[in-house]
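Presented below is the structure to which this report refers.
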Amino acid sequence: MTTPTADSDTRPAAGGLPVQAAAARRPPKSATGPSGRLARAAMLTAVLSAAGSVLGLARDQSLAHLFGAGTETDAFLVAWTVPEFASTLLIEDGLAFVLVPAFSAAIARRARSGGRDPVRALVSSSLPRFGLAFLVAAVLFIAGAPALVHVLAPGLPDQRLAADCTRLTATCVLTFGLTGYCSAALRAHGCYVPPAAIYVAYNTGVIATMLAGGTRWGVRSAAMGVAVGGCLMVAVQLPAFHRRLSGGKADTVRAPGKAPDEAALNGRAVHLGLIAAVLTFALCRQSQVFIERFLASPLAAGSISHLNYAQKVAQLPMVLSLMLCTVTFPVVAQAVARGDLAAARARVERDLGLAACVVLAGAAAVFACAPQIVHVLFQRGAFTAADTAATASVMRVYALGLLGHSMVGALVRSYFSAGRPTWYPVGAMAVGTAATAGAGAWAVGPWGVRGIAGANAFGITLTAVLLLAAMNRRGVPVDVTKVVAGLVKPLLAAVGATVAGLLAAASCTSPLAAGTAGCLAVLAVFCVLLWALRADCLASLVPVVRPANRKPRHAR
């Protein structure tokens, strides 16, 4: 990607891509415009993210095949809490909310700066500090592994095995932190392919290490794979990160009349509050996993494993629904930075509608075909039919909270898109986490792991409601009434599609055939009902697909 110079008539647009200033004021006419680039970026991100998710399923299948769902896997999954928390905090949410707006602003200054490259200044002032913080945190997690395991799962039988696995997985605090830093910088530059490929590299490393060392080291090999996969996540992004960083001006040139680190110092003063808010939000959100495993640790062996397998499969629709929001987050951040709130509002409202459609279709398929999906994916080796039944029942309960998870992921990006500290999302998430803990403590007695999953769905849905209710006052000023009204029709379509999927799945005896028939019925009925109800999300979907497929005029 060429870097805009100070005397060029360009400015950063969607995803940090330079366009002519005059052309940026009118809609693109072909796939060569910003919308076409954004659509292609979304499609590439979707393909690579889907590949990473497929490999994630293969990773979980390998874990289930080699070690089943028992005491050993429960011990590893307690240690797995560290990379789960680190990925949320350092890759998916936390660092992205801080650094994407910061890099977007630096790229905008780069286009009109005649002195020191603001992007390099930002990297030189922030990366060493972040890197040191990641390293110190990793060392602390490694040293405190036994105490951490005792806090997370006091009822776990094999505390020593869990501590050994935790020491290995704790290395991801450093590697995931560097991964998240590079991902945020690249996405702000409009470079989406390497960040989208990180989970392909990561899961490949975990699977390869587990298969190579499973016989010799047992479930510890899976923890070793986390360490290997974390290194691969950094390596897959370094070449692109280096190219974008070296695309600016030399650091030795200073802007006239300005202290060399004035902008960086001002940025750090603002970012400290933002970092605190983002870290606290991510901690509250990830605390739902801590609560689940704490409540499940005294239950029968395999309970934590059933929760984990169910959650991993059920969350796939949520991951797919947030792909577009991940790609467009720099677009919203740059629109807010320019003061173009109308463009930011339109983008956020459109993303919310599309995310809801995708996640509700997926939730309907998960609920309708849960037993067949779990049977096809996991029932082999040490994973028994009883494990399939327990996991499927939990997965159906998780599906009830998928819309809430997706809405929280989409809405919180809008709250942090301005790059300023805001504590309302933290308060909303804290209320939802408290609701999860209270409901889970009450429900685990009569309903076991299904009660824990139901508490998760209740808590995250409450958080989504609180975030949406205050959106027009504290975040990007969207039309809340319009957004809520736009969710009703997809919800009705999802209910109808779920019924159709249940009937279709029941008509077949083979798990593979039943699952396929059920998923196809869900998709077909969901789309037909959306069309019959004239849902707005269908109209929003057309511009996303069309620019990437539309031929230039001269080729028609």
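The values are calculated or read from the model by the stated rules, or taken from the named source; none is laboratory data. Everything numeric here is computed off the predicted structure, so don't read it as measured data. No Cβ is skipped: glycine too gets one built from the backbone with ideal geometry, and neighbour counts run over all protein chains shown. Side chains are part of the model used for accessible areas, which takes the heavy atoms of the whole protein and leaves out ligands, DNA and RNA. Shrake-Rupley method; radii C 1.70, N 1.55, O 1.52, S 1.80 Å.
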ask   = Would you pick out the residues in segment 121-167 that are among the β-branched types (Val, Ile, Thr) and either more than 17 Å from Ala301 (Cβ to Cβ) or in contact with a Gly (Cβ under 6 Å, 6 or more places away or on another chain) (or both)?
value = Val123, Val136, Val139, Ile142, Val151, Thr166
inquiry  = Suppose the filter is in a helix (DSSP H, G or I) and open to solvent by 20 Å² or more (accessible area, probe 1.4 Å); does Val359 pass it?
reply    = no
message = Which count do you get for residues in segment 368-389 that are surrounded by fewer than 24 Cβ atoms within 10 Å (Cβ to Cβ) and under 21 Å from Val444 (Cα atoms)?
response = 3
Odd one out for Ser183, checked against (1) open to solvent by less than 20 Å² (accessible area, probe 1.4 Å); (2) of a type in the set (S, T, N, Q); (3) touching a Ser or Thr at 6+ places or on another chain (Cβ under 9 Å) = (3)
ask   = Do we have any residue at all in segment 252-260 that's at pLDDT below 85 and in contact with a helix residue (DSSP H, G or I) (Cβ under 7 Å, 6 or more places away or on another chain)?
value = no
Tally, over segment 390-419, of residues that are part of a helix (DSSP H, G or I) and either open to solvent by less than 20 Å² (accessible area, probe 1.4 Å) or without any contact (Cβ under 8 Å) to a residue 12 or more places away in the chain (or both) = 17
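Residues checked against (1) more than 24 Å from the chain's Cα centre (by Cα); (2) of a type in the set (Val, Ile, Thr):
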{"position": "Leu341", "(1), (2)": "yes, no"}
{"position": "Ala344", "(1), (2)": "no, no"}
{"position": "Glu349", "(1), (2)": "no, no"}
{"position": "Val358", "(1), (2)": "no, yes"}
{"position": "Ala364", "(1), (2)": "no, no"}
{"position": "Gly381", "(1), (2)": "yes, no"}
message = Take the conditions farther than 23 Å from Cys191 by Cβ and either at pLDDT 85 or above or open to solvent by 20 Å² or more (accessible area, probe 1.4 Å) (or both) and apply them to Arg338. Does it pass?
response = no
Hey, Leu299 modelled with pLDDT of 50 or more, open to solvent by 40 Å² or more (accessible area, probe 1.4 Å) and touching a Phe, Trp or Tyr at 6+ places or on another chain (Cβ under 8 Å) or not = no
Residues of segment 499-515 satisfying the condition of being closer than 17 Å to Thr388 by Cβ and either in contact (Cβ under 8 Å) with a residue 12 or more places away in the chain or open to solvent by less than 80 Å² (accessible area, probe 1.4 Å) (or both) = Ala505, Cys508, Ser510, Pro511, Leu512, Ala513, Ala514, Gly515
remark   = Contact list, first residue from segment 457-477 and at positive phi and among the basic types (Lys, Arg), second anywhere and open to solvent by 60 Å² or more (accessible area, probe 1.4 Å) and modelled with pLDDT of 85 or more, beta-carbon distance below 6 Å, six or more apart or interchain, is none
ask   = In segment 49-70, is there at least one residue being open to solvent by 30 Å² or more (accessible area, probe 1.4 Å) and of a type in the set (D, E, K, R)?
value = no
Breaking point among (1) modelled with pLDDT of 85 or more; (2) in contact with a Lys or Arg (Cβ under 9 Å, 6 or more places away or on another chain); (3) surrounded by fewer than 17 Cβ atoms within 10 Å (Cβ to Cβ), for Gly273 = (1)
note = When Ala86 is run through (1) touching a Cys at 6+ places or on another chain (Cβ under 9 Å); (2) farther than 20 Å from Leu274 by Cβ, the failure sits at (2)
note = Per the list (1) under 30 Å from Asp340 (Cα atoms); (2) over 20 Å from the mean Cα position of the chain (by Cα), residue check on Leu491 breaks on (1)
message = Which count do you get for residues in segment 481-494 that are surrounded by 15 or more Cβ atoms within 10 Å (Cβ to Cβ) and over 16 Å from Ser406 (Cα atoms)?
response = 3
inquiry  = So Leu156 passes all but one of these: (1) open to solvent by less than 40 Å² (accessible area, probe 1.4 Å); (2) within 27 Å of Cys182 (Cα to Cα); (3) of a type outside the set (Val, Ile, Thr). Which condition number does it fail?
reply    = (2)
